[in-house]
Amino acid sequence: MAPDAPPVRFNLTPRQRRLRWISAIILLAVIAMVIFGATSPLFRPVHPAVLTPVIRRQIKVRILFVGFYWIVCSLLASFLVVLAWLDIREVQRVLAAARRQVWQDAAQQARQRLGRRRNNGQGE
């Protein structure tokens, strides 16, 4: 690359843009779920004075709800790791294509110089 050549800009591919938007939305959802889970009275333990069968059933349902809530939150957070990995793979793919293009350009320029040298040598 010539010193006066402008630096190469890598624009986001549609796939990178899509992955990053999905990641941002899921990250916001996880943050909202964590804040809601930490501040909501629904997630605080209850100690009723009298434990009737109805209250016992309500506590069991509440425990199941809280458990599933945090499982969903954890799965969404884990999915963020998968999305980040997919984004890294896409960046590597774009970088490999750019490297391949640089080498192809260099090879083409070398062929052109070699062809000019041969043509100059035959014309004398």
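The values are calculated or read from the model by the stated rules, or taken from the named source; none is laboratory data. Treat the numbers as computed from the prediction; the structure is a model and nothing was measured. Please note: Cβ atoms are built from the backbone with ideal geometry, for glycine as well, and neighbour counts cover all protein chains shown.
Whenever a residue of the range 68-92 is touching a residue at least 60 places away in the same chain (Cβ under 8 Å), its partners that are buried (at least 16 other Cβ atoms within 10 Å of the Cβ) and assigned to a helix (DSSP H, G or I), lying with C-beta atoms within less than 6 angstrom and at least six residues away or across chains, give the pairs 83/19; 83/23; 86/19; 87/19; 90/16. Among residues of the range 47-60 being among the hydrophobic types (A, V, I, L, M, F, W, C) and surrounded by 10 or more Cβ atoms within 10 Å (Cβ to Cβ), the one that is farthest from residue 17 (Cα to Cα) is 51. All of 27, 19 fail the test of being under 10 Å from the mean Cα position of the chain (by Cα), in a helix (DSSP H, G or I) and of a type outside the set (Lys, Arg), apart from 19.
Considering 25, 63, 71, the condition of being closer than 30 Å to residue 10 by Cα, surrounded by fewer than 13 Cβ atoms within 10 Å (Cβ to Cβ) and among the β-branched types (Val, Ile, Thr) is satisfied by 25 alone. Among residues of the range 93-105 that are assigned to a helix (DSSP H, G or I), those with a beta-carbon under 7 Å from a residue that is at pLDDT below 90 and polar (S, T, N, Q) at least six positions away or on a different chain give the pairs 94/13.
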